[in-house]
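Below: the structure, in structure tokens.
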Amino acid sequence: METTDREPAGELAGKVALVTGAGRGIGRSIALTLAGLGATVLVNYNGSRERALEVVAEIEKKGGRGEAVGCDVSDFAACGRMAEEIIGKYTRLDILVNNAGITKDGLIMGMTEEAYDKVLDTNLKGAFNTIRHLSRYFLKQRSGRIINISSVAGVAGNAGQANYAASKAGLIGLTKSVARELAGRGICVNAVAPGFIDTEMTQDLADRVKQGALASIPMGRMGTAEEVAQLVAFLAGGKSDYITGQVICVDGGMVM
Ligand code: NDP
């Protein structure tokens, strides 16, 4: 019988990864994939504590290592505490995946200030908060990977998502700027821009919106969370050492 005290093997063995918003959806798949490659994965959650614990249980069942870490990424001070706890316990962090994100869709004429602020605070400031508190450790280590989950909406815009698209476009600017700042110390910073992926975020969309999105995908189908996770795993591993400051779409050809 497999036990969790055996050293996990794999390309990411010995690495420590933090994935924000990893209790469900794309974050969950990323956490499971990185853990499957041997990384110890810190499964961040905000509201979904039980589901984050289930992800950790799944990681451990497969012989990997993980821990659930609660933190609202839009809270700057809370992210500082999370960073201190992680480094205090694990002494290092090798991979940071800023995946946490929300939508509050609406046409610009009716969009409330609250809907705009909330989306920007979570999707864009959330990534700033974790990078701001954790990049000093990457700099000391002279290694590390930061992967920000943006969106095709940040590349091409999307009617009804001015707040969301602004946050995801901002994330691309953040990615490229931080990539330039940290490149000299061997730290790679990239953005992944998923297209239309089958998760709870897209399940609630009206059929009309779903059909419209599907019609714009040359491959004619939604993507899966696993397909996004595979690209994140590539960017987190040793086969992407010379890639930084890039935005890579996983979108079935939606944006090209
Ligand atoms: P889900 O709605 O399924 O999951 C969102 C995740 O974000 C949850 O785990 C949630 O955690 C977390 N989260 C939200 N707010 C916070 C917060 N303040 N602090 C910490 N975690 C938070 O979405 P997806 O899995 O589909 O999306 C994941 C990422 O991928 C997002 O950034 C999204 O914008 C992006 N994306 C998704 C696409 C899609 O088609 N699905 C397309 C393009 C990009 P909890 O439940 O614990 O609150």
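Descriptive notes on the structure:
- Label zone at A183 (point 7 Å along Cα-to-Cβ), backbone N below 17 Å, the stretch 225-256: 240-248
- The stretch 151-256: Rg to Rh, with Rh as the Kirkwood radius over Cα pairs: 1.01
- Per residue value of the accessible surface for the stretch 75-212 (all protein chains in place, 1.4 Å probe), Å²: 47 Å²
- Cα gyration tensor, the stretch 18-144 - rounded (a/c under 1.5), prolate or oblate: oblate
- Qualifying lysines (Cα of each under 22 Å from Cα of K62; at least 8 residues distant if same chain): K15
- FRET efficiency, R92 to D117 (Cβ-Cβ, R0 30 Å, nearest 0.05): 0.30
- Spin-label model distance (nm) - E58 vs K239, 7 Å beyond Cα toward Cβ: 2.3 nm
- Local electrostatic count at R185 - Lys and Arg +1, Asp and Glu -1, tallied over other residues with Cβ under 15 Å: +3
- With the helix formula -39500 (n - 2.57) applied to DSSP H stretches of n ≥ 4, the chain reaches a computed 222 nm mean residue ellipticity of -14000 deg cm²/dmol.
- Placing +1 on the Cβ of every Lys and Arg and -1 on the Cβ of every Asp and Glu, with nothing else charged, gives the chain a dipole about its Cα centre of roughly 740 debye.
- Measuring nothing but protein heavy atoms, the accessible surface of the stretch 56-105 at 1.4 Å probe radius is 46 percent carbon and sulfur.
- For a modelled paramagnetic label at S216, 7 Å from Cα along Cα-to-Cβ, the residues of the stretch 167-183 in reach, with backbone nitrogen under 16 Å, are 167-169.
- Listed peptides 228-234, 108-114, 163-169, 21-27 by packing density, highest first (mean Cβ within 10 Å): 21-27, 163-169, 228-234, 108-114
- Taking all protein chains as they are arranged and a probe of 1.4 Å, the heavy atoms of D241 leave approximately 100 Å² accessible to solvent.
- Extension reserve of the N158-D207 stretch, reckoned as 0.36 nm per residue once the Cα distance is removed: 16.0 nm
The values are calculated or read from the model by the stated rules, or taken from the named source; none is laboratory data. Predicted model, so just to flag it, every value in this text is computed and none were measured. Virtual Cβ from ideal backbone geometry, glycine too; neighbours counted across all protein chains shown. The accessibility values were calculated without ligands, DNA or RNA, using every heavy atom of the protein model including side chains. Shrake-Rupley method; radii C 1.70, N 1.55, O 1.52, S 1.80 Å.
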